[in-house]
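In what follows, a structure is listed as structure tokens, so that the remarks can point back to it.
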Amino acid sequence: MFFFKRRQRLAILLFSFCLSGILLFNTSWAATQPAPVQDTNRSAVNQSLSVTDNVRKTVLENGLTVLTKEVRTAPVVSVQVWYQIGSRDEAPGVNGIAHQLEHMLFKGTTERPIQFGRLFSALGSDSNAFTSYDQTAYFGTVERNKLQALLAIEADRMQNALIDPQELENEKRVVISELQGYENDPGYRLSRAVMRAVFPNSPYGLPVGGTKADVQKFTVEQVREYYRNYYSPDNAILVVVGDFDTDTTLATVKETFGKVANQKLATPSLTQEKLRAILIQSRNQQTDSSSQEFDQNNQLQTPETPIVLREPGAAALLHTVYPLPDVNHPDVPALDVMDYILSEGRNSRLYQALIETGLASNARGSVASMKTSGWYRLAATAAPGQALPKIDSVMQQAIAQLQAKGVTPQEVNRAKALVKATVILSNRDITSQAMQLGYDQSTAGNYRYSDRYLAAIEQVTSADVQRVAKTYLQLQKRTLGFFEPTMLQEGQSAGVEEATQTHESLTAGPPVDPAEVAKYLPSIASTTPTVRQLPEQFKLTNGLEVLLLADKSTPTVTLSGYIKAGSEYDANATAGLATLTADNLMNGTKTKDAQTLAAALENRGARLEFAAFREGVDVTGYSLATDLPVLIQTFADVMQNANFPVNELELARQRALTNLKLELDSPAQVARRQFQQTIYPQNHPYHSFSTAESLQRISREDVMRFYQQHYRPDQVILTFVGDFEPQQVRSLLEQQLKDWQAQGKPPAVTYPQVSPPKSVVQRNPVLPSKTQAVTLMGYKGIERQDPRYYSALVLNQILGGDTLSSRLGTEIRDRQGLTYGIYSYFQAGRNAGPFLIQMQTSPEDAARAIASTIQLLQQVHTQGVNQNELDTAKRSLTSGYTVSLANPDDIANQILINAVNELSAEELRAFSQKLQSVTLSQVNQAAKELLQPNNIVVVTAGPGRSTANR
């Protein structure tokens, strides 16, 4: 999604690809980036902050709460409807019904009996939905002239949803596929067991998405009753943020939503009191008369003894959860500061105690604050050979030391500054601003909650942090869980199942006529296209390429960079070298150790990260505008002076080995590895993947040599988007990088020819402990410079670009109910990556889904697409492109990608025009040339047919 990667108040747990998800909200909203502290320069974090300036709250006569906020930074608008229904409104027997209902709300209405995903795709809307503990939300961001259309669609599904019995049965299969996909993750299973023990008599102890057993039993009457009870104006919040006129929009809202009546049942069959009684009765039936809790090994549970899951898996996991008060409790701000001191950033206490010592490869914490309760979760992944009780002991020592000796003023200031800096960074795009308002109003009951929260954060003292740690992190209050991976039982060893050709005789349903979609689209106002500003582009004297796009809308800067030092240069014997090098860049330089480097950024709320991929290294950076010099100085230092300390390199190697074990326990990762190694020959850069042996073989000398050969200025592109003066940035770059010079010619890599498969080639790697299968289908695709690229994009949008509106989604997901999501895409870069179709299915449905997909590919290959499909796909792609570039991260990344692929800066403007110029004959020719259903590699990774029902 569009949320930042670290701990946002919105979204610390997301169970969703595209359509529907389950989202856990966290009150530490602004915490993606590490944090600022005292500095001689006045930073934006030292100024008064508000996220609710210019917000107007209106309550319609039918009780609908409307929040509007004009933001003129881009010609787009976000429309969100938040319903106050989530898993807290459930009990055993109906667990997951809110999530099931969310899925059904995409199935059309009496006014528009059509898959709503097709309407959103036709509008070019970036639309999705999620279910959480306290709410269910539907959101979409569109070009500003489509605001009224999006309002009309949301008002329609608030009152007229079609909940058809047959559609419900199909969608229950889709939901079960989604839930079974989560079961593939040991962390999900451990979290579920721990949360159930923490909240035995509260719906917060139920899994948000429900259980397979309950979903299978949902009746159409139950789902309709939940719809009537909870989907009403007086239980909903409408949020509109973006480029619009408030008075005009409120008049439209009153016209569309004001007519929606509240239709709650006078005497619903399941009131909150009845749900709670069912929950308590169910839990009592599952425990003995003394209410003692036992783990799966029949061991009595106490605060000192953990819940233990011993199941097949790759790494040992620890989860500790402490109950906390609700979101409006005055201790929440101090609890968040405590969490940042314990777990945020390289200089946090748990990072130093667990990761720097080599005990854990990962450690994290998060405060979750809900309507009526909350919790604090600490989690860790054990490093190879390390025992979970030892990790727990060290974690408890860190907490005990905080409780006994308190925290320093510097730590408190750092955490407080972190919150303020990341509030700014997290509210740069329009969708996120709307999300903030919707979350605050639906969870805390006040859209101004974040302003109140920030003011309270400012008042937190060292004594407050120590007090809340003593109050809430008491040993007797915690619930501890261990996941201890077991060896596979005899006869269950992972391997490759015999590959067989599927023989189902299936016929794909007819494609959906776009004219049918157009019939149900509300009218769309005309608009004048916005002329997009182009970046300033230049090269430094050392060959480093720079692109600058000034944007004064927020006091922040985004850095998106590329270094031509990816895993394409890895030899098979030392596969993983490029990644290990990139992962260690921030571990020290000639003048600064790792903690000093981290502190320079963390103390200002800035971030700088490096991640290797096949064709290069991604550089990702964020800072407040006043702190851009520190970001550039740190980048310049690690590019020229990284020294790869032996101890840090060994710790990074152990983390890489742990990550490798986790990858080899993931059906998606195993499928991708075998897929590429089947398509590309052994001497091809796309064939190489790291192994335990190759990682162990890499020496510090190998890393230093790779760094010296590949990290050179003439192989670097940097893009900056944000609040700066271009000439000042240029001067700063020249000053910091003037001594960095390239010697000789850059390294070259050879990409050999790739022969297509001569028939359908199937591979079935078996992971016996899994519940869902992941299938990848495809072959070598095209380069970005291929003249067919734009035709291929349009073709792909029709075929599988959107799981709700594409031909594959309509057939495999909607009509047959075989998958939670199915997508296709061309991975077109400097070199030809694969054309890929990906889907998740139950093992018993995989063969049918594969056969249906091949049949549909054959249909498009031979018959092509029609003019209406072409026109709809082009509108969807061009509108979606405009919406995506309203996000600073996305526009920085797009500018960078264009430069990496040796396209002109003008491509930023010309892209939409080039898509619009694609003709029907070009797309159908591309279908004949680029879709090869009889010459395709099919890899299905999962439990295998023989173990699917174990």
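Can you name every residue in segment 203-218 that is in a helix (DSSP H, G or I) and either touching a residue at least 60 places away in the same chain (Cβ under 8 Å) or aliphatic (A, V, I, L, M) (or both)?
Listed by number, the residues that qualify are PRO203, TYR204, ALA213, ASP214, VAL215, LYS217.
Looking for whichever is surrounded by 17 or more Cβ atoms within 10 Å (Cβ to Cβ), modelled with pLDDT under 70 and over 16 Å from GLY63 (Cα atoms) here; the options are ARG196, ARG283, ARG276. Which one fits?
None of the others qualify; the one that does is ARG283.
Out of VAL77, VAL81, which single residue is over 25 Å from ALA515 (Cβ atoms), in contact (Cβ under 8 Å) with a residue 40 or more places away in the chain and touching a Lys or Arg at 6+ places or on another chain (Cβ under 6 Å)?
VAL77
Could you list all residues from segment 224-253 that are touching a strand residue (DSSP E or B) at 6+ places or on another chain (Cβ under 8 Å) and either among the small types (Gly, Ala, Ser) or not assigned by TED's automatic domain parsing to the domain that holds MET104 (or both)?
Within segment 224-253, ALA236, GLY242 qualify.
Could you say whether any residue in segment 684-692 is surrounded by 21 or more Cβ atoms within 10 Å (Cβ to Cβ), assigned to a helix (DSSP H, G or I) and not assigned by TED's automatic domain parsing to the domain that holds GLN827?
Checked against the condition, which is being surrounded by 21 or more Cβ atoms within 10 Å (Cβ to Cβ), assigned to a helix (DSSP H, G or I) and not assigned by TED's automatic domain parsing to the domain that holds GLN827, segment 684-692 yields at least one hit.
When the residues of segment 65-90 are filtered to those that are more than 21 Å from the chain's Cα centre (by Cα), aliphatic (A, V, I, L, M) and crowded, with 23+ Cβ neighbours inside 10 Å, which remaining residue is modelled with the lowest pLDDT?
ALA74
Against the definition (in a helix (DSSP H, G or I), among the aliphatic types (A, V, I, L, M) and modelled with pLDDT of 95 or more), how does ALA578 come out, yes or no?
In short, yes.
Being in contact (Cβ under 8 Å) with a residue 12 or more places away in the chain, surrounded by fewer than 23 Cβ atoms within 10 Å (Cβ to Cβ) and outside the structural domain of ARG72 (by TED's automatic domain parsing) narrows it down to one residue among THR574, THR558; which is it?
Every option except THR574 fails the conditions.
Could you please let me know if ILE717 is within 13 Å of ALA565 (Cβ to Cβ), assigned by TED's automatic domain parsing to the domain that holds PHE610 and touching a residue at least 24 places away in the same chain (Cβ under 8 Å)?
Judged against the criteria, ILE717 is a match.
Out of all the residues in segment 44-64, which are at pLDDT below 95 and within 30 Å of the chain's Cα centre (by Cα)?
Once the filter is applied, which keeps residues that are at pLDDT below 95 and within 30 Å of the chain's Cα centre (by Cα), segment 44-64 yields ALA44, VAL45, LEU49, SER50, VAL51, THR52, ASP53, ASN54.
Does any residue in segment 618-643 that is at negative phi come within less than 6 Å, Cβ to Cβ, of a residue that is surrounded by fewer than 19 Cβ atoms within 10 Å (Cβ to Cβ) and among the acidic types (Asp, Glu) six or more places away or on a different chain, and which pairs are these?
THR620/GLU609; ALA625/ASP723
Name the residues in segment 346-386 that are free of Cβ contacts under 8 Å to residues at least 40 places away in the same chain, among the hydrophobic types (A, V, I, L, M, F, W, C) and not in a strand (DSSP E or B), would you?
Within segment 346-386, LEU359 is the sole residue that qualifies.
Only one of these is hydroxyl-bearing (Ser, Thr, Tyr) and either within 22 Å of LEU324 (Cβ to Cβ) or at pLDDT below 95 (or both): THR372, THR381, THR408, THR357. Name it.
THR372
For residues that are closer than 21 Å to LEU559 by Cβ and of a type in the set (A, V, I, L, M, F, W, C), scanning just segment 416-445, find the one that is surrounded by the fewest Cβ atoms within 10 Å (Cβ to Cβ).
Out of the qualifying residues, it is ILE424.
For every residue, the table says whether it meets (1) acidic (Asp, Glu); (2) touching a helix residue (DSSP H, G or I) at 6+ places or on another chain (Cβ under 6 Å); (3) assigned to a helix (DSSP H, G or I).
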| residue | (1), (2), (3) |
| --- | --- |
| SER450 | no, yes, yes |
| ALA463 | no, no, yes |
| GLN466 | no, no, yes |
| ALA469 | no, yes, yes |
| GLN476 | no, no, yes |
| PHE483 | no, yes, no |
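Regarding segment 176-188, can at least one residue be identified that is assigned by TED's automatic domain parsing to the domain that holds VAL77, surrounded by 22 or more Cβ atoms within 10 Å (Cβ to Cβ), within 26 Å of the chain's Cα centre (by Cα) and of a type in the set (D, E, K, R)?
Within segment 176-188, one or more residues are assigned by TED's automatic domain parsing to the domain that holds VAL77, surrounded by 22 or more Cβ atoms within 10 Å (Cβ to Cβ), within 26 Å of the chain's Cα centre (by Cα) and of a type in the set (D, E, K, R).
Is segment 676-698 home to any residue that is closer than 28 Å to GLY621 by Cβ, free of Cβ contacts under 8 Å to residues at least 12 places away in the same chain and not hydroxyl-bearing (Ser, Thr, Tyr)?
No, that holds for no residue.
Specify which of the listed residues (TYR351, TYR340, TYR322) is assigned by TED's automatic domain parsing to the domain that holds GLY438, aromatic (Phe, Trp, Tyr) and closer than 24 Å to GLU458 by Cα.
TYR340
Mind counting the residues in segment 407-463 that are among the small types (Gly, Ala, Ser) and within 24 Å of ALA600 (Cα to Cα)?
5
Counting only residues that are buried (at least 22 other Cβ atoms within 10 Å of the Cβ) and of a type outside the set (A, V, I, L, M), which one in segment 822-841 is nearest to PRO667 (Cα to Cα)?
In this case the residue turns out to be GLN840.
Identify, by number, the condition in (1) closer than 30 Å to THR771 by Cα; (2) buried (at least 20 other Cβ atoms within 10 Å of the Cβ) that VAL703 doesn't meet.
(1)
If you take the residues in segment 806-831 that are in contact with a helix residue (DSSP H, G or I) (Cβ under 6 Å, 6 or more places away or on another chain) and either among the charged types (D, E, K, R) or not assigned by TED's automatic domain parsing to the domain that holds ILE850 (or both), which one is farthest from GLY124 (Cα to Cα)?
GLU811
If SER462 satisfies all but one of (1) assigned by TED's automatic domain parsing to the domain that holds GLN386; (2) at pLDDT below 60; (3) of a type in the set (Gly, Ala, Ser), what's the number of the condition it fails?
(2)
Given the conditions (1) free of Cβ contacts under 8 Å to residues at least 40 places away in the same chain; (2) in contact with a Leu (Cβ under 7 Å, 6 or more places away or on another chain); (3) not charged (D, E, K, R), and given that LEU857 satisfies all but one, which numbered condition is not satisfied?
Every listed condition holds for LEU857 apart from (1).
If you check GLU844, GLU869, GLU811, which single one turns out to be surrounded by fewer than 21 Cβ atoms within 10 Å (Cβ to Cβ) and not hydroxyl-bearing (Ser, Thr, Tyr)?
Just a single option satisfies the conditions, and that option is GLU844.
Under 6 Å between Cβ atoms, at least 6 apart or on separate chains: pull out the pairs that start in segment 841-852 with a residue that is of a type outside the set (A, V, I, L, M, F, W, C) and end on any residue that is buried (at least 23 other Cβ atoms within 10 Å of the Cβ) and part of a loop (DSSP other than H, G, I, E, B).
Listed by first residue and then by second, the contacts come to THR841/LEU818; THR841/THR819; PRO843/PRO943; ASP845/LEU818.
Each row is one residue, and each column tells you yes or no for (1) assigned to a strand (DSSP E or B); (2) within 30 Å of THR73 (Cβ to Cβ).
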position	(1), (2)
TYR779	yes, no
TYR790	no, yes
LEU818	no, no
THR872	no, yes
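The values are calculated or read from the model by the stated rules, or taken from the named source; none is laboratory data. A quick note: this is a predicted structure, and the numbers were derived from the prediction, not measured. Don't worry about glycine lacking a Cβ; one is built from the backbone with ideal geometry, like all the others, and counts go over all protein chains shown.
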